[in-house]
1. Let me check I've understood the local charge: for Thr12, count other residues with C-beta under 13 angstrom from its C-beta, Lys and Arg +1, Asp and Glu -1. What total comes out?
2. Alpha carbon centre of the stretch 357-397 versus the stretch 59-125: separation in Å?
3. Within the stretch 217-343, how many lysine pairs that are 8 or more places apart, or on different chains, have C-alpha atoms less than 24 Å apart?
4. Out of the stretch 173-275, which chymotrypsin sites (Phe, Trp or Tyr not before Pro) are coil in DSSP terms and have no more than 16 other C-beta atoms within 10 Å?
5. Using label points projected 7 Å from each Cα along Cα→Cβ, tell me how many nm separate Ile2 and Glu195, to one decimal.
6. Kyte-Doolittle mean at least -1.0 and Cα extent at least 20 Å along the axis: which DSSP H helices of the chain qualify?
7. Which of the lysines could a cross-linker bridge to Lys34, judged by Cα under 17 Å and excluding same-chain residues fewer than eight apart?
8. For the chain, what does -39500 (n - 2.57) per DSSP helix run (n ≥ 4), summed and divided by total residues, give at 222 nm, in deg cm²/dmol to the nearest 500?
Amino acid sequence: MINRNPAFANLTAGYLFPEIGKRRREYATAHPDKKVISLGIGNTTEPLTPHIAGAMSDYIKALQTPDGYSGYGDEQGLTALREKIASVLYPNLIESDEVFISDGAKCDIGRIQTLFGSGVSVAVQDPAYPVYVDGSVMVGAAGGAKKNGSGYEGVVYMPCTAENDFFPDLSVVPDNSLIYFCSPNNPTGASSTKEQLTKLVAFAQKHDCIIIYDAAYFAFIQDKNLPRSIFEIEGAKECAIEINSFSKPIGFTGVRLGWSIVPKTLKFADGTLVNKDWNRVMTTVFNGASNIAQRGGLAALDEQGLAEMKSLIDYYLENERLIKKALESDNFKKLHIEIYGDGNSPYLWVKFPGKKSWEVFDEILNQCQVVTTPGAGFGPAGESFIRFSSFGHREDIQEACERLKNFNL
Ligand code: PLP
């Protein structure tokens, strides 16, 4: 038989969300009469909006006619969509041939790792969205990272805590590293300021690092002073790639559409353009995003689509406000919890001092029948934290909030 790829043997057994799902199912089986509400995962819940869905359904009708049918398109995406993303979301910052349309940010993060091979050193925020590390382990990056306690040997973890304003100490990052950076952050909800991102870019430039900037939650940023893209920072085009998505802004988690920006000014050590190799990856192992989804993406970026996007984001941010209010009630005050989340992301990051994340997770599930996400699942610095997600129907959020008001530890 063929040998197993040794990189896979290094992966940790349980992925966070399957474990949450397992505990939820066990609880539901033991208590079939209780309704469990999820404030746990980052999955969108509200329906597609009319203008965006209408554009896709018109296109499906056209596909049923000889004139309107189309098969494979350009692997890099529709030119019109690449242009629209560049002009609407990155005005005067990037060019359309630096935009690559994809089937979503997670898939791009996976594919992008093939660009750098197994030799590359990897630094991640701690806590972080699990795909950066798990995907790196799969391709054997970070010296074939081996499991070590709650992390991996070879991966550089950059703790992001309340004490450092959720912006890491970059001095721990070796030269020539890939730095995964997410803002607004999943799970901490923190959005980096212009000053912080300027520091990040300056560091990457000085130390020959490349930043993989995950901006999947850009649309939640309300504060006009906060950057929505790394390319708002001078110098970023020489050291950063941005990964982005339509999943959260317009509820395309199931439809699947995202994009990456690889500037033509970003180079490998030998002078080769990263854009050129990324084009090679995308045209080789990817065959273009769904043409239906791309019509939805185009509609999302016109005036009506942008208004619909705003209304969806406002809906989830109102959920966040309600959850925050529930967590500010007296029972939580007695527990001295610390709530982080400033209305620029769908997540609240909540510290339960002296408690373990999974212990709090189980207590909230048992007492309130509410599923949350244990912070420890996002990395060692997430211990003692719980992530509350604002994705949910309003009536479920309201009910969850009522139940949380009776929680005690
Ligand atoms: N990046 C972050 C930080 C996320 O939290 C998620 C999904 O929850 C993704 C990327 C995945 O996005 P997509 O649905 O575009 O694959």
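1. -1
2. Comparing the Cα centres of the stretch 357-397 and the stretch 59-125, I get a distance of 33 Å.
3. 19
4. Here the chymotrypsin sites (Phe, Trp or Tyr not before Pro) that fit, given the DSSP loop and packing criteria, are Phe268.
5. 5.3
6. Span-like helices, by this rule, are 16-30, 303-327.
7. Output for Lys34: Lys22.
8. Taken over the chain, the calculation gives -11000 deg cm²/dmol.
The values are calculated or read from the model by the stated rules, or taken from the named source; none is laboratory data. Everything numeric in this text was worked out from a predicted model, so none of it was measured. Counting neighbours? That spans all protein chains shown, and the Cβs are built from the backbone with ideal geometry, glycine included. In case anyone asks, the SASA skips ligands and DNA or RNA and just uses the protein heavy atoms, side chains included. Shrake-Rupley method; radii C 1.70, N 1.55, O 1.52, S 1.80 Å.
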